[in-house]
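So the structure is just underneath, and the comments pick up after that.
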Amino acid sequence: MLKINNLTATVNEGAMTILNGLSLDIPAGEVHAIMGPNGAGKSTLSYVLTGRDGYDVTGGSVEYMGKNLLDMEPEERAAAGLFLSFQYPLEIPGVPTMTFLRTAVNAQLKARGAEELSAPEFLKKARKIAADLKIKPDMLKRPLNVGFSGGEKKRMEIFQMMMLEPKFIVMDETDSGLDVDAMRIVADGVNALRSPDRGMLVITHYQRLLDYIVPDKVHVLVAGRIAESGDADLAKKLEAEGYDAYAA
């Protein structure tokens, strides 16, 4: 579903190489996790996949559902079902949460040639998902993420994800700043979207999230490339031993 081959990428107009020959293959129906030390390139990978400005691909390829992802504009990637859950979700003052989300949902449905949701259909779906995630109704009436705690912002990210029903999900350290209860709720939302035709890439520093979202494979990212891959037990090994074994 997502095939990354020998990917290299730079920042600061080529001044610094962050991804250095990264290769990764994530089939549909699988959840893969990437772990690694600070500065390894984890967030850079998520930004390159979603087309964020300031990150320049200098080599390699990324194939998404049979298409060249790197040839697509960010909005085309989103319309094709690629979703990024941010480490630090943005606040958008003046933009009501529900207005934003209904516009996004219907824009993606239209781009895929599907029928848009009516207002009653949208509200019914939104209320059901919000209840599952223990999101209070008043949160949905506020401007997007404005005045939310860190945990509330993360729940709102998962709420958006479940409303949009993307084909491929990239989670960039979504567990950052979450307490145990919030992490469990977020993980339940993610697990509800696991399906044979959807892929996920979970980027995290810590193994604790992977107790709730159990990955099919775990990859260790060091110095911009995959240093080792294994099953879920690899995450527990990293938690216990750290990354010293991968130091240059």
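The values are calculated or read from the model by the stated rules, or taken from the named source; none is laboratory data. These numbers were taken from a predicted model, which means no experiment stands behind them. When we count neighbours, we look across all protein chains shown, and the Cβ atoms used for this are built from the backbone with ideal geometry, even at glycine.
Structure summary
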{"quantity": "Conditions (1) over 15 Å from the mean Cα position of the chain (by Cα); (2) within 26 Å of G66 (Cα to Cα); (3) buried (at least 16 other Cβ atoms within 10 Å of the Cβ); number of the one not met by V202", "calculated": "(1)"}
{"quantity": "Among (1) modelled with pLDDT of 90 or more; (2) in a loop (DSSP other than H, G, I, E, B); (3) touching a helix residue (DSSP H, G or I) at 6+ places or on another chain (Cβ under 8 Å); (4) charged (D, E, K, R) - the single one E228 does not satisfy", "calculated": "(2)"}
{"quantity": "Flag for A28 being among the hydrophobic types (A, V, I, L, M, F, W, C) and touching a Gly at 6+ places or on another chain (Cβ under 7 Å)", "calculated": "yes"}
{"quantity": "Whichever residue in the stretch 76-90 is at pLDDT below 85 and under 14 Å from Q160 (Cβ atoms) and, among such residues, is farthest from the chain's Cα centre (by Cα)", "calculated": "L90"}
{"quantity": "Filter result for the condition that a residue is touching a residue at least 24 places away in the same chain (Cβ under 8 Å), hydrophobic (A, V, I, L, M, F, W, C), under 23 Å from T50 (Cβ atoms) and touching a Phe, Trp or Tyr at 6+ places or on another chain (Cβ under 6 Å), over L193, L144, L178, L201", "calculated": "L144"}
{"quantity": "Which listed residue is surrounded by fewer than 22 Cβ atoms within 10 Å (Cβ to Cβ), within 15 Å of the chain's Cα centre (by Cα) and farther than 14 Å from L84 by Cα, from L178, L193", "calculated": "L193"}
{"quantity": "Elements of type strands (runs of 3 or more DSSP E) in the stretch 1-44, at least 2 residues being farther than 30 Å from A240 by Cβ", "calculated": "2-11, 16-26"}
{"quantity": "Qualifying strands (runs of 3 or more DSSP E) (wholly inside the stretch 157-222; at least 2 residues being in contact with a Gly (Cβ under 7 Å, 6 or more places away or on another chain))", "calculated": "217-222"}
{"quantity": "Search result, residues across the stretch 102-135 that are exposed (fewer than 13 other Cβ atoms within 10 Å of the Cβ) and within 11 Å of L164 (Cα to Cα)", "calculated": "T103"}
{"quantity": "Any hit, the stretch 37-59, residues being surrounded by 14 or more Cβ atoms within 10 Å (Cβ to Cβ), basic (K, R), within 15 Å of the chain's Cα centre (by Cα) and closer than 21 Å to G14 by Cβ", "calculated": "yes"}
{"quantity": "Residue that is nearest to R77 (Cα to Cα), among those in the stretch 106-127 that are more than 22 Å from the chain's Cα centre (by Cα) and not in a loop (DSSP other than H, G, I, E, B)", "calculated": "K110"}
{"quantity": "Residues that are more than 27 Å from D211 (Cβ to Cβ) and either in contact with a Cys (Cβ under 9 Å, 6 or more places away or on another chain) or of a type in the set (K, R) (or both), drawn from the stretch 22-74", "calculated": "R52, K67"}
{"quantity": "Only one of E73, E91 that is in contact with a Gly (Cβ under 9 Å, 6 or more places away or on another chain) and within 23 Å of E173 (Cβ to Cβ)", "calculated": "E91"}
{"quantity": "Selected residue [under 30 Å from T10 (Cα atoms), without any contact (Cβ under 8 Å) to a residue 12 or more places away in the chain and not hydroxyl-bearing (S, T, Y)] from E76, E116", "calculated": "E76"}
{"quantity": "Meets criteria (over 15 Å from L221 (Cβ atoms), without any contact (Cβ under 8 Å) to a residue 60 or more places away in the chain and out of contact with any Pro (no Cβ under 9 Å at 6 or more places or on another chain)) for G39", "calculated": "no"}
